[in-house]
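Below is one structure, written out as structure tokens, with a few remarks after it.
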Amino acid sequence: MERKRRIAIALDLETAVPHHHDVFAGTQRYALEHPQWECVIDEHPLHKQLSGIEPFRKYDGVIARVTSSLIGKLKRFAVPVVNTWFQTARPDLPGVYSDHIQAGQLAADHLLDRGFREFRIIGGSGEKGFNLIGKFFVQRVQENGCNCLVDECPRGSYGDPAYWAVLVKCLNNRLDRLTLPSALFVCAPLFARFLVNLCRNRHWRVPQDVAILCHIDVKLMVEHPAPQISSIDMNYERVGYEAAALLDRLMDGEPAPEEPILVPPKGVIARESTDYFAVKDEIVAEALSYIASHLRDRLSVDRIAWEIAASKRSLQRRFEATLGRPVSDEIRRLRLEKAKRLLGDPERQIKEIARMTGFGAAEYMTKVFRRELNITPTAYRKQVMGKKENLVEH
């Protein structure tokens, strides 16, 4: 019979932010598949043993939101540990994290695809993860010929009335400098909700005047009340599962990987706060919305015109006047952009991406990639993966 492995889970499960909850769920899914695992929720592994509170019984491994004090204890007893909190990532610490580079690119692509050309990031001071996401958001926006301003607002105690006043003033100052329409990428749901209220005070519409995309998906805050706030699904449950799998390998004596394991985010959860295409022509905006939500289907100008109750001739004329290209070119561009995003996920097969983006066959998608980008999908994927830098160094 295989010996039980005693695993400490130290993930700060009391916090309201779902990151650690989802990571925990992933570890438990792995534990269910591996009956030899015995998981113990212990926010302070080895504290009781070192303090003499109870007889010493060493853990076989730890999955944690690692802190400096925990690292010292684990090294003293040579207990394998896997970190899942990017804020404390470091080169000498095995870790599994959501891919912040891809998250920033996904966020930028989502707003660029909706036609926005004015961007602003509003982050919280000292947030290592969001700062890295923001860096690659800005890079992607600049690659598309647009500029993006980056601002921070202070973090503080929500129980302190003085902090609320400072936060509202800070966010209002950011809005004072906006050129409408603009797209905001925000670090926290509370900031996003404040911004919705402040926009309403100015009689600005969300998303028509100001689109808001939030980094964190706290369902209570982003789904209620209206408008629902678009956010990124960072795939934290998968982070937990991969962290457990890595810990198993470390406990088997395998060496720690030289680089952290990066889990691709699932994508943008599109809700009301970005459900708009920032073009002045309402017919074109409606057509773009229809195209974006039906990319995997067979699309023709006739079908799109019929769906939005416009004439084919009028639709073609409006696209040329508004976007400077015909409907068919825009369909191909949106399919290419979505395929490029999906190619950043190494687990998706080329043929699956071809189906999801409406190219149908992998061979046809390859033909379009060669013609439009002078590169194959496989080569593009290698290029994207090769550009990813070591997150711990940032």
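The values are calculated or read from the model by the stated rules, or taken from the named source; none is laboratory data. These numbers were taken from a predicted model, which means no experiment stands behind them. For neighbour counting, all protein chains shown are included, and Cβ atoms are generated from backbone atoms with ideal geometry for every residue, glycine included.
A few remarks follow.
- Filter result for ALA16 (of a type in the set (A, V, I, L, M, F, W, C) and either at pLDDT 90 or above or part of a helix (DSSP H, G or I) (or both)): no
- The criterion of at least 2 residues that are basic (Lys, Arg) and in contact (Cβ under 8 Å) with a residue 12 or more places away in the chain is met by the following helices (runs of 4 or more DSSP H) wholly inside the stretch 79-181: 128-143.
- For the stretch 174-195, the tally of residues that are at pLDDT 95 or above and of a type in the set (Val, Ile, Thr) stands at 1.
- Among the candidates VAL79, VAL138, VAL96, the residue that is on the phi < 0 side of the Ramachandran plot, surrounded by 14 or more Cβ atoms within 10 Å (Cβ to Cβ), of a type outside the set (Lys, Arg) and modelled with pLDDT under 95 is uniquely VAL79.
- Residue in the stretch 115-123 that is at pLDDT below 90, over 20 Å from ARG174 (Cα atoms), crowded, with 19+ Cβ neighbours inside 10 Å and out of contact with any strand residue (DSSP E or B) (no Cβ under 8 Å at 6 or more places or on another chain) present: yes
- Just one of the listed residues (ILE71, ILE41) is modelled with pLDDT of 90 or more and of a type outside the set (Phe, Trp, Tyr), namely ILE41.
- Of all residues making up the stretch 284-302, the number that are surrounded by fewer than 19 Cβ atoms within 10 Å (Cβ to Cβ) and more than 17 Å from PHE116 (Cβ to Cβ): 10
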